[in-house]
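Worksheet: one structure, shown below.
The values are calculated or read from the model by the stated rules, or taken from the named source; none is laboratory data. Since we're looking at a predicted model, the values are computed, not measured. In this analysis, Cβ positions are derived from the backbone assuming ideal geometry, glycine residues included, and neighbour counts consider all displayed protein chains. Ligands, DNA and RNA are excluded from the accessible area calculation, which covers all protein heavy atoms including side chains. Shrake-Rupley method; radii C 1.70, N 1.55, O 1.52, S 1.80 Å.
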Amino acid sequence: KEKEIVTGVVQRIKDNGDMTIDIGRTQAVLKADDNFKDKQFKCGDRIKVYVASVSNRERSGLSVKISRKSQELVKKLFEEEVTEIKDGVVEIMGIAREAGSRTKMAVRAKVPNVDPVGACVGMNGARVNSIVEELRGEKIDIINWDENPAILIENALSPAKVIAVMADPDEKTALVVVPDYQLSLAIGKEGQNARLAARLTGFKI
């Protein structure tokens with residue numbers, strides 16, 4: 001189905017990194033630039049892919065576009081793994097992803113007395129760890145969504161500890177104050193933590 005994830009089997013790997021995946025009734029090509037170049041697969045491996053689009057052309061037949069880079073893959077994996085998301089008790093409010101490296105995801109509970117982050121992490125990290133394993137070790141930060149931009153930005157910069165956030169909702173900019181010893185953690189390796197937090201919140205930080 002379109003906009004869903006399917007489990008396929010790697011059939012063939014070209015020298016350029018393109019992989020032919022058997023996804024049941026047909027085969028699809030996972031382009032090298034839509035995969036993680038440093039994550040090695042071999043023929044016979046089972047792999048989950050996101051079905052971005054399906055088209056049925058008269059001449060060429062069924063054409064299926066699949067992806068591993070799409071943030072929708074992460075969303076669908078959590079919908080599969082976390083009962084509370086599937087049941088609508090917990091809602092995914094936003095995802096920012098650099099595929100193969102790190103994802104930040106904001107969640108909220110739609111009913112009282114439910115810990116949305118805890119639900120996604122699972123007992124002893126079981127739920128999130130199974131998704132990390134499927135994504136070949138991609139780090140996943142799960143944070144609490146908040147309607148207050150300042151609180152949301154503070155949460156998004158986790159694991160860094162924040163002293164203060166001055167957010168301008170009109171300009172969509174925020175000045176964040178952190179202790180000196182937390183600065184490199186807040187920015188992250190090559191700016192990744194701050195960059196993903198900015199994409200997740202929609203604020204220039």
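The table for this structure:
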item	result
In segment 43-62, residue least open to solvent (accessible area, probe 1.4 Å) [restricted to those that are under 29 Å from E134 (Cα atoms) and in a loop (DSSP other than H, G, I, E, B)]	D45
Unique match (being surrounded by fewer than 18 Cβ atoms within 10 Å (Cβ to Cβ) and closer than 13 Å to A106 by Cα) among I151, I163	I151
Selection within segment 69-90 - assigned to a loop (DSSP other than H, G, I, E, B), open to solvent by less than 40 Å² (accessible area, probe 1.4 Å), modelled with pLDDT of 95 or more and not hydrophobic (A, V, I, L, M, F, W, C)	G88
Condition broken by N113, with the remaining ones in (1) closer than 21 Å to D45 by Cα; (2) assigned to a loop (DSSP other than H, G, I, E, B) satisfied	(1)
From the options S130, S184, S158, residue that is touching a residue at least 40 places away in the same chain (Cβ under 8 Å), open to solvent by 20 Å² or more (accessible area, probe 1.4 Å) and among the hydroxyl-bearing types (S, T, Y)	S130
Residue check, K104 in contact with a helix residue (DSSP H, G or I) (Cβ under 6 Å, 6 or more places away or on another chain) and open to solvent by 80 Å² or more (accessible area, probe 1.4 Å)	no
Residue within segment 21-38 that is open to solvent by less than 20 Å² (accessible area, probe 1.4 Å) and either in contact with a helix residue (DSSP H, G or I) (Cβ under 7 Å, 6 or more places away or on another chain) or within 22 Å of E147 (Cα to Cα) (or both) present	no
Any hit, segment 116-123, residues being in a strand (DSSP E or B), open to solvent by 40 Å² or more (accessible area, probe 1.4 Å) and more than 26 Å from A174 (Cβ to Cβ)	no
Cross-chain or 6+ apart pairs with Cβ under 7 Å, segment 91-105 first and at negative phi and assigned to a loop (DSSP other than H, G, I, E, B), then of a type outside the set (S, T, N, Q) and buried (at least 20 other Cβ atoms within 10 Å of the Cβ)	A99/R68
Qualifying residue in segment 12-29 (condition: under 19 Å from the mean Cα position of the chain (by Cα), farther than 22 Å from I140 by Cα and touching a residue at least 24 places away in the same chain (Cβ under 8 Å))	no
Top-ranked residue of segment 124-146 - restricted to ones that are among the charged types (D, E, K, R), part of a loop (DSSP other than H, G, I, E, B) and within 16 Å of the chain's Cα centre (by Cα), ranked as modelled with the lowest pLDDT	R136
